[in-house]
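Heads up: the structure comes next, in structure tokens.
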Amino acid sequence: MALIALGVTGGIGAYKAIEIARGLQQAGHDVVAIMTASAHQFVGRVTFEAITQRRVITDQFEPGANADIEHIALASDMAALVVAPATANIIGKLALGIADDFLTSLYLATRAPVLVAPAMNTNMFDHEAVVQNLATLRARGVHIVGPGEGYLACGWIGKGRLAEPADVVAATDAIVRPGASLAGHRILVTAGPTYEDLDPVRYLGNRSSGRMGLAVAAEAVRRGAQVVLVLGPSALDPPRGAEVVRIRSAAEMHEAVMTRAPEMDAVVMAAAVADYTVSGGAQPQKLSKQADRDERPLSVTLTRTADILADLGKWRADRARPMLVGFAAETHDVVARATAKLARKRVDLVVANDVSRSDAGFEVETNAAVLIDADGATPLPLQPKTELAAAILDRVEARLREAVDGAEPS
Ligand code: CTP
């Protein structure tokens, strides 16, 4: 059981923090709630007091609570600080190190892991200021959970909804669980196909379900890592506790990965990225066959997309971080072709699949992979993708440990 400080700020999602407090308790944790001044506009302190069975901290200078300088005492006692909902205001203050109330002072005083669940209007979330502040927090190792998409209290539909309470609880639980072997590490995982649009209704895609990448992301969350999941169009639900960045095209995935890679300890490129996209981009209007009445075949010219993994390899060069993991979908000469990819793309590990088998690769739950790194090839048995995900992350862990052990003492 761990002591979790739950910071509640002034957003409409504040009522959901009650469910988060309950969820944390059900997971066996002790919760102390901290409310900012504006949180009181949305939810009452008595509710949190009744649920947590602890005094709710609302004021840094409350008489009777200063004998042991409460924010310093709590900062060292707690196992994690969870801010949910986190408004644009608190995200800005945390990013800048402003300490003008209990919650912001606690953030500066603690060395415990911090998890932030943003909730705000879509335009606010997309504002450059908020984007930069979240990037600052992420780079500092703060776990970002959500936000989700959907109907917002302001009437808009879009990104900005507080993550589901169960997701916040799962992410917090993974961080504080003893033996969380990837706690403190940041891992970016890509998953799913990319879609290259031909016109407003048609696209070029591939058969990837996203299952393999989602399994890696879920296992990384379970091991306590701070996970960013860059997810192409997939019908499957992303795992709880990961920060999900939805993209559609290879170009969007490229941008999402390259901007976040510098903050990561490892990047696992499980996505089936399109190798070609439509030259000149999608037609603005639907292509009509009537224009082609004489039944001539329709020709579409395709252009190569940028190879994200190769660009990562080039950018990372000989540095140890982030570790780079690629996948290779092969139909023949699996080991030889994947070994060539390891060198060509300058990555640390290639997970090679024989996609000509019906029980491995696309659209199935199992995979028979060969792990290939500088030391050679290790064939793995046919196993569920969840188990392969664990085997891949064991390699990532070993590599990250090596990088620490091999580091010069400062
Ligand atoms: N990949 C990528 N960007 C692309 C294409 C692929 O980052 N534009 C990544 C995939 O996510 C995967 C790895 O590269 O991790 C291998 O992709 P694959 O298509 O199997 O190999 P290629 O290098 O494209 O070679 P080929 O198509 O000749 O097999």
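Values quoted throughout were computed directly from the atomic coordinates according to the rules given, and no laboratory measurement underlies them. Since we're looking at a predicted model, the values are computed, not measured. Glycine also receives a Cβ, built like all others from the backbone with ideal geometry; neighbour counts cover every protein chain displayed.
Data table
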quantity	calculated
Förster radius 41 Å - calculated FRET efficiency between T47 and A391 (Cβ-Cβ, nearest 0.05)	0.35
Estimated dipole of the stretch 3-176 in Debye, rounded to 20 [Cβ of Lys and Arg +1, of Asp and Glu -1, Cα centre]	200
Of G326, G97, G192, the one that fluctuates the most in a GNM where the chain has Cα springs shorter than 10 Å	G97
Simple Cβ-charge dipole of the chain, Lys/Arg +1 and Asp/Glu -1, about Cα centre, in debye nearest 20	440
P(r), alpha carbons of the stretch 296-340 - 5 Å bins starting at zero, rounded %	5, 15, 17, 16, 17, 13, 7, 5, 3, 1, 1
Whole-Å distance, taken between Cα centres, linking the stretch 325-404 and the stretch 267-288	25
Label point at R177 placed 7 Å out along Cα→Cβ; residues across the stretch 213-245 whose backbone nitrogen lies under 18 Å	214-228, 238-243
Above-threshold pairs, the threshold being 27 Å between Cα atoms, out of K16/K159; K286/K314; K16/K385; K93/K159	K286/K314; K16/K385
Estimated [θ] at 222 nm from DSSP helical runs (n ≥ 4, -39500 (n - 2.57)) normalised by residues in the chain, nearest 500	-10000 deg cm²/dmol
Listed peptides 30-37, 214-221, 268-275 by packing density, highest first (mean Cβ within 10 Å)	214-221, 268-275, 30-37
Which of A33, Q285, P85, positive extreme of dipole for the chain (C-beta unit charges)	Q285
Average Cα contact separation per residue, the stretch 186-405, under 8 Å, 6 or more apart, as relative contact order %	20
Residues E295 and L96, FRET efficiency given R0 of 56 Å [Cβ-Cβ distance, rounded to 0.05]	0.30
Calculated FRET efficiency for the pair A340/W315, C-beta based, R₀ 22 Å, to 0.05	0.60
Sequence-separation-based contact order of the stretch 3-176, relative, with Cα cut under 8 Å and 6+ spacing, percent	24
Label point distance in nm, R207-E128, each placed 7 Å from Cα along Cα→Cβ	4.5
Interchain or long-range residues, amide H under 5 Å from L302's placed H	S279
